[in-house]
Every structure is written in structure tokens, then in C-alpha cells.
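Please read the structure below before turning to the comments.
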Ligand code: UGA
């Protein structure tokens with residue numbers, strides 16, 4: 001099939017590459033010429049395992065190309081995927097839909113033959129119906145430019161895998177034709193036995209916001225338990241393991257620590273609550289503001305624990321932050337909990353050095369006040385305290401005895417409860433964990 005993908009950010013670039021991999025002819029469209037030049041030259045504009053290889057294969061096959069021209073995209077495709085961002089509005093909790101409206105306004109006037117426009121962006125419920133009306137009004141082909149909604153559930157770091165082999169496919173449609181077209185688009189994925197859920201537009205939109213809200217709630221639930229564990233000397237990891245054995249609960253997304261960040265969960269729970277308030281049912285989602293508060297409190301709890309480890313004062317102390325991205329296997333620093341903590345500690349007068357395997361370039365341009373250091377050893381040199389805040393594999397592979405020779409004092413706060421605490425303690429480190437007692441350092 002001939003498919004266009006509008007918006008080549010995280011979602012769109014991965015979707016375009018994967019659709020070409022699935023055998024379709026794909027044209028990616030973006031207004032950002034630098035991004036289009038990079039993609040056309042085979043350079044992925046962000047770090048995502050497996051993406052550069054598939055981008056190269058797509059370009060070499062001749063099935064994948066990119067443009068900045070909406071008229072070219074309209075003439076090319078029989079199916080147009082909308083993959084633009086829906087960030088949080090400045091000064092409000094609601095989602096900013098301007099890029100989505102701009103994409104429809106740019107594409108629609110060039111639609112002269114019947115086609116299917118498929119939204120993938122995360123949106124407040126009700127958006128698809130508004131866009132469907134706008135599309136029919138602006139497109140010369142009128143209502144034969146149909147709209148469907150097909151939310152995306154990919155995780156950064158596993159984006160290619162999640163797109164080619166998703167847990168499920170959800171489509172919101174207003175008729176059988178749209179569903180048939182989407183079944184054809186996803187035929188190779190359906191052939192793997194992937195569950196297919198076909199529903200109305202509103203339910204499809206809600207599936208995405210409900211899923212992200214549930215995941216965020218799960219993380220804040222376990223972090224609330226971590227606070228109780230800290231007050232009682234109990235162990236949150238054992239607690240999570242034990243409740244996670246109950247298949248109704250499940251162990252995944254019960255890792256307590258610094259909490260969630262990124263370009264999705266935080267803004268999605270806020271936008272969902274804001275939309276519910278607009279609909280007059282805000283109280284149904286009031287709990288999401290508690291989920292948000294618990295999550296943000298993990299950042300201040302981490303700063304307090306770090307201050308305590310330093311004997312009560314940050315001023316004049318050297319603190320090394322390991323990890324600046326919001327999660328490992330990504331270079332994304334949007335709403336990164338670790339960067340937030342690093343900035344709070346720097347604001348209290350500590351000399352903060354940060355390290356990350358992939359996120360330093362982004363951190364450096366967004367926060368020039370932080371000292372970004374390329375090697376872990378240099379970042380740790382002379383430190384009074386290490387903060388392990390993004391659980392990259394590289395940090396789990398460090399030798400605690402060797403790291404002890406780099407720092408001024410062997411103090412470590414593991415904000416992700418991901419390092420081998422007994423091993424670090426045995427090498428003489430004074431440890432602090434979130435939600436569980438730390439083993440005493442070997443003397
Ligand atoms: C999230 C969802 O998991 C995807 O299904 C969804 O498609 C995506 O948002 C989106 O809306 O586009 P992502 O933002 O890539 O994916 O990251 P997650 O893997 O969900 O992690 C989010 C944050 O939660 C990270 O900061 C991570 O460190 C934290 N986390 C995760 C925990 O603190 N504890 C856990 O147990 C799991």
C-alpha cells in the first residue's frame with residue numbers, strides 16, 4: 001500500500017520505518033527540513049536501538065522516502081498516518097493540539113481522491129470527531145477523506161519491536177471500509193496472531209490515555225508503598241515481588257524509585273484529568289493528580305535523602321549524577337526525573353557533574369549550568385556522593401571497588417534500586433536506597 005506518515009518525531013519516524021519494513025511504500029512528511037534531510041541521509045534524529053539499521057534498509061529498498069511538501073504527501077498516499085506531538089500546553093495541564101490541527105489543515109486541501117487519514121497521536125477524547133469534521137470540510141473530496149483512530153503503545157527503547165510485534169492493535173472507525181483498509185495495512189502484524197480490537201473513535205482515543213494512566217498509577221502506587229516501607233524498615237522490592245506473583249496484579253511496572261518521567265506518562269495523566277474536568281466528570285479522575293503528586297514527591301525525597309547522606313549540606317560538595325535520560329536505552333531527557341534532581345541539587349549550591357551513555361548532548365544544550373562529563377570515571381572523580389538515577393546497564397556493570405578509588409568519599413544513593421547493593425556495601429560504600437533498608441558498609 002502507499003502510506004504517508006505525517007510528523008517524523010519519535011512515533012512517526014519509527015512508524016514510517018516499520019511500515020516500509022512491513023512491505024509498504026512509505027513517504028514521511030515533516031515541516032522540519034533538518035529532520036527530513038537527516039532521515040533521507042539515513043541518520044535517525046534520536047537514539048533508538050535497531051532504528052538506524054531499519055532506516056537504512058528502508059531507504060535502500062526504495063520503499064521509504066521523506067518530504068517537506070504536504071501536496072506531494074497527499075498525492076502519494078491512500079492511507080495517511082498522523083503522528084505529530086501533543087505536548088502539554090504551557091501554563092495548563094491540557095494537551096496542546098495545535099500540531100495536529102496544523103497537520104490536517106496542511107494535508108486536507110490537497111486530498112482530491114478518497115483516502116483514509118489515521119490518527120496515532122495521544123489525544124483528549126473527542127479530538128478525533130472534531131478532526132473528522134474538519135477533514136471533510138477542508139478536503140476537496142469531502143467525506144470520502146475518512147478518519148480513523150489507531151493509538152500507538154510503543155515504549156522508547158523498544159520502539160521497533162513494539163511496532164512490529166505489538167501486544168494488540170486498536171482501531172477506532174466509523175465504518176467497515178476503514179477497518180478493512182487498516183486490516184490490510186497491518187496484515188503482516190495480524191499474521192503473527194496479534195489481537196485486533198475494532199471500536200468507535202472515542203473508545204480508541206480513551207484506550208491510550210487509560211493505559212498510560214493505569215501504568216502511571218501502578219508506579220505511583222509502589223512508590224507510595226516505598227514511603228511506607230521507609231517509615232517502617234520494610235523492603236519495597238520484596239513487597240513488589242510478593243504482590244506481583246498474584247497474576248491479577250503482575251510484577252511489571254512495580255519498580256519503586258525516582259518515579260516516572262518522559263514525554264508521555266506525566267503529560268498524559270494531566271491532559272486526561274483536564275479533559276475529564278472539561279467534560280464535567282473531573283472528580284472521576286481526581287486520583288490522577290495524587291498519582292502526579294506522589295510521583296513528583298519521589299524527586300524531593302531523593303534530594304532530601306542525598307542531603308542527609310552528605311550530613312545536611314550541599315553547598316561546596318561535589319555530587320555526581322549517573323544517568324540524565326528519563327529511562328535507559330533512550331537519549332530523551334523530556335521531564336527526566338534525574339535531571340530534575342540534578343538541577344535541584346545544583347540550585348542548593350552543590351557542584352553537580354552528570355554522566356549518561358546517550359543523553360549528554362541533549363542535557364548540555366537544555367541545561368548549560370550542569371557539568372556534562374563524557375567518561376564515568378571523570379564524572380566520579382573527587383565526588384562526595386554518587387546518585388544512580390537512570391538504570392543504564394553500564395552502571396550495573398561498574399566495579400564498586402574500582403569506583404571507590406575514583407571518588408572522595410564512597411557514598412551512593414541508588415534512586416532506582418537497581419544496583420547490587422550488597423556488593424557495593426561489601427566494597428565499603430555507605431548506601432541509601434528508596435523504600436528499603438541498605439546493607440551496612442564493610443569497614
Ligand atoms: C510509555 C508507555 O509505557 C507506552 O506504552 C506508551 O506508548 C508511551 O508511554 C507513549 O505514550 O508514547 P515510555 O514513555 O517510553 O512509554 O516509557 P515507560 O517505559 O512507560 O517508562 C516511563 C517512566 O516510568 C520512566 O521514567 C521509567 O523509569 C519509569 N518507571 C517504569 C518506573 O519508575 N518504574 C517502573 O516500574 C517502570
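The values are calculated or read from the model by the stated rules, or taken from the named source; none is laboratory data. Since the model is a prediction, treat every value here as computed from it, not as a measurement. A quick note on method: Cβ atoms are made from the backbone with ideal geometry, for glycine too, and the neighbour counts reach across all protein chains shown.
Some values worked out for this structure:
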| item | result |
| --- | --- |
| Residue match in region 7-16 (condition: over 14 Å from residue 154 (Cα atoms) and either at pLDDT below 95 or assigned to a loop (DSSP other than H, G, I, E, B) (or both)) | yes |
| Members of region 135-163 found to be touching a strand residue (DSSP E or B) at 6+ places or on another chain (Cβ under 9 Å) and more than 16 Å from the ligand (Cβ to nearest atom), listed by number | 135, 136, 138, 139, 141, 144, 145, 146, 147, 148 |
| Matching residues, region 293-329, being touching a helix residue (DSSP H, G or I) at 6+ places or on another chain (Cβ under 6 Å) and within 13 Å of the ligand (Cβ to nearest atom) | 294, 295, 298, 299, 302, 323, 324 |
| Counted residues, region 269-280 - those being more than 12 Å from the ligand (Cβ to nearest atom) and either part of a loop (DSSP other than H, G, I, E, B) or in contact with a strand residue (DSSP E or B) (Cβ under 9 Å, 6 or more places away or on another chain) (or both) | 5 |
| Answer residue from region 404-421, given it is over 32 Å from the mean Cα position of the chain (by Cα) and in contact (Cβ under 8 Å) with a residue 60 or more places away in the chain and is surrounded by the fewest Cβ atoms within 10 Å (Cβ to Cβ) among those | 408 |
| Unmet criterion (only one of (1) in contact (Cβ under 8 Å) with a residue 60 or more places away in the chain; (2) in contact with a strand residue (DSSP E or B) (Cβ under 6 Å, 6 or more places away or on another chain); (3) more than 16 Å from the ligand (Cβ to nearest atom)) for residue 120 | (3) |
| Residue 59 vs. criteria at pLDDT 95 or above, crowded, with 23+ Cβ neighbours inside 10 Å and either over 23 Å from residue 262 (Cα atoms) or not assigned by TED's automatic domain parsing to the domain that holds residue 273 (or both) | no |
| All strands (runs of 3 or more DSSP E) inside region 86-194 with 1 or more residues being within 20 Å of residue 216 (Cβ to Cβ) | 169-172 |
| Residues of region 223-234 satisfying the condition of being more than 20 Å from residue 261 (Cα to Cα) and in a helix (DSSP H, G or I) | 228, 229, 230, 231, 232 |
| Sole exception among (1) touching a residue at least 60 places away in the same chain (Cβ under 8 Å); (2) surrounded by fewer than 22 Cβ atoms within 10 Å (Cβ to Cβ) for residue 130, by number | (1) |
| In region 238-268, the residues that are part of a helix (DSSP H, G or I) and either in the same structural domain as residue 340 (by TED's automatic domain parsing) or away from the ligand (no atom under 11 Å from the Cβ) (or both) | 238, 239, 241, 242, 243 |
| Evaluation of residue 220 against (1) in a helix (DSSP H, G or I); (2) away from the ligand (no atom under 16 Å from the Cβ) (one fails), failing number | (2) |
| Neighbours by Cβ (under 8 Å, 6+ apart or cross-chain): first from region 251-276, on the phi < 0 side of the Ramachandran plot; second near the ligand (Cβ under 9 Å from one of its atoms) and modelled with pLDDT under 95 | 263/10 |
| Residue in region 290-309 that is over 19 Å from the mean Cα position of the chain (by Cα) and outside any helix (DSSP H, G or I) present | no |
| Long-range neighbours under 6 Å by Cβ, at least six apart or interchain, first residue farther than 22 Å from residue 172 by Cα and assigned by TED's automatic domain parsing to the domain that holds residue 285 within region 197-222, second assigned to a helix (DSSP H, G or I) and near the ligand (Cβ under 8 Å from one of its atoms) | 216/265 |
| Candidate set from region 387-398 (those that are touching a residue at least 24 places away in the same chain (Cβ under 8 Å) and in a loop (DSSP other than H, G, I, E, B)); member that is nearest to residue 314 (Cα to Cα) | 389 |
| Meets criteria (within 21 Å of residue 159 (Cα to Cα) and either free of Cβ contacts under 8 Å to residues at least 40 places away in the same chain or in a loop (DSSP other than H, G, I, E, B) (or both)) for residue 38 | yes |
